[in-house]
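Please read the structure below before turning to the comments.
The values are calculated or read from the model by the stated rules, or taken from the named source; none is laboratory data. Note that the structure is a prediction, hence the values are computed from the model and not measured. No Cβ is skipped: glycine too gets one built from the backbone with ideal geometry, and neighbour counts run over all protein chains shown.
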Amino acid sequence: MRKAVPLMIAGCLSVAGFANLAHGADLMAVYRDAIAYDAQFAAARAALEAGREKLPQGRAGLLPAVGFSASTTWNDTDTTRRISGATETNTRYNSNGWTVQLTQPLFRWQNWVTYTQSELAVVQAEAQFGLARQELIVRAAQAYFDVLLAQDTLATAQAQKVAIAEQLESAKRNFEVGTATITDTHEAQARYDLTSAQEIAAQNDLNVKRQVLRTVIGKEPEGLKNLKPGVQLAGPQPDDIGKWVEMAESASASVQIFEALHEIATREIEKQRAGHYPTLDLVASRGRSSATNSSTFGFGSDSDSSAIGLQLSIPIYAGGATASRDREAVALKAKAAADLDNARRTAALNARQAYLGVNSGLAQVKAYEAALTSSQSALDSNKLGYEVGVRINIDVLNAQSQLYDTRQKLAKARLDTLAALLKLKAAAGSLGEDDVAAVNALLQ
């Protein structure tokens, strides 16, 4: 049963000073663009359409087959008779005819098994498409979050550069009036140059992340909405890792795929063993044959025929091929069972990792929020101490670096937690568009 995962962020997200992202595209718009453009999802959609055709193909083995055949033949025959001397005759005439035949299987067990397998093949195709949709949500959201984080990183570097530039100017003024040493100026200049390099790297990373998102949605992302200030996040519900693991082992899309494959393999054994069974068909035919007047005998013929009956076929020996295919099917069923076990274990592992990732992310967000408050207080204290002469310039620069580093890690922790929430839902097989909407509600 689908259960909503409350998506809230604890504390405030102070991003207004970093980037102006209002009135841009949101996660829902990106997701819908991805549905229309993403090549992997388009391939999955085509695979679903192909998979659905397995059902009419399997049903065809239970329905009657009708065939029509026709022929026309020109005959030219030379005949020599040796009775009291040789006599040669030449016969020329045309023979033609047509036949319509209907065959209705009455008992072909392998055809019935093939039909049940085709139903399972459709189930597998549907599950495969569901998995592709969930993967698209995760990929689109991750690409979206990566762009947001890259934007915040660049904005942080730019803000830090401005702050260091102010500190550099202050150090130069203090040196000129004799209240500070040249060391303060050199330290501020070194930090400014380092931040300039970090800004260049952040700009390049943002360009790369934008291109990644572009491959998903098919256009250049502009003005993506960021998280609202002040929204909060609670843990997933139910708050029990065991229940999430249980859901993953039974409802995960990958598990459903391998369950269908295992059932198909199981029925394949029955299908191959049906090769030992007799088959019974109803066969009906209607035909007509004609021959034109012979050049020798001077007469033609026409005949109509109709027939209906039962056709029984009993296999006796096929060189051991049927028994070999039976053994092959048994081995493939064992493989399918092992693949199913692996899919369940993998789904359980993914659920555990995502659940722990959410809880770890929540704890990190809380810790970084406290650290952000402390870092801001430390910076204010160091600035005041520098003004009154009890702190040196490097203390202020270190406090600034700590503040911006904490702010950056807090932004990353929040986005990573949201991504982990989506991955947890995907692992449990319940990730859908409503979950995209839930995350989208946190944006502005």
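Tabulated data
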read-out: Candidate set from segment 303-358 (those that are outside any helix (DSSP H, G or I) and without any contact (Cβ under 8 Å) to a residue 24 or more places away in the chain); member that is farthest from LYS425 (Cα to Cα); value: SER303
read-out: Qualifying residue in segment 346-354 (condition: over 30 Å from THR266 (Cβ atoms) and modelled with pLDDT of 90 or more); value: yes
read-out: Meets criteria (over 30 Å from LEU168 (Cβ atoms) and either in a helix (DSSP H, G or I) or β-branched (Val, Ile, Thr) (or both)) for LEU372; value: no
read-out: Condition check for LEU62: closer than 30 Å to TYR277 by Cβ, out of contact with any helix residue (DSSP H, G or I) (no Cβ under 8 Å at 6 or more places or on another chain) and hydrophobic (A, V, I, L, M, F, W, C); value: no
read-out: Verdict on GLU135 being over 30 Å from VAL283 (Cβ atoms), within 34 Å of the chain's Cα centre (by Cα) and acidic (Asp, Glu); value: yes
read-out: Segment 233-248 residues that are more than 12 Å from ARG352 (Cα to Cα) and without any contact (Cβ under 8 Å) to a residue 40 or more places away in the chain, paired with ones that are part of a loop (DSSP other than H, G, I, E, B) and small (Gly, Ala, Ser) (beta carbon under 9 Å, 6 or more apart); value: none
read-out: ASN96 being at pLDDT below 90, of a type outside the set (Val, Ile, Thr) and assigned to a strand (DSSP E or B); value: no
read-out: Selected residue (only one of ALA157, ALA150 is over 30 Å from ALA36 (Cα atoms), surrounded by 14 or more Cβ atoms within 10 Å (Cβ to Cβ), among the aliphatic types (A, V, I, L, M) and in contact (Cβ under 8 Å) with a residue 24 or more places away in the chain); value: ALA157
read-out: Residue among SER381, SER401 that alone is of a type in the set (Gly, Ala, Ser), assigned by TED's automatic domain parsing to the domain that holds GLN232 and farther than 27 Å from ALA202 by Cα; value: SER381
read-out: The lone exception for LEU431 - which of (1) in a helix (DSSP H, G or I); (2) closer than 15 Å to ALA354 by Cα it fails; value: (1)
read-out: Test: residue in segment 393-410 that is surrounded by fewer than 22 Cβ atoms within 10 Å (Cβ to Cβ) and within 27 Å of the chain's Cα centre (by Cα); value: no
read-out: Candidates ALA188, ALA127, ALA171, ALA132 - the one that is buried (at least 21 other Cβ atoms within 10 Å of the Cβ) and under 27 Å from ALA428 (Cβ atoms); value: ALA127
read-out: Any hit, segment 118-128, residues being under 31 Å from the mean Cα position of the chain (by Cα), of a type in the set (D, E, K, R), closer than 23 Å to GLY223 by Cα and assigned to a helix (DSSP H, G or I); value: no
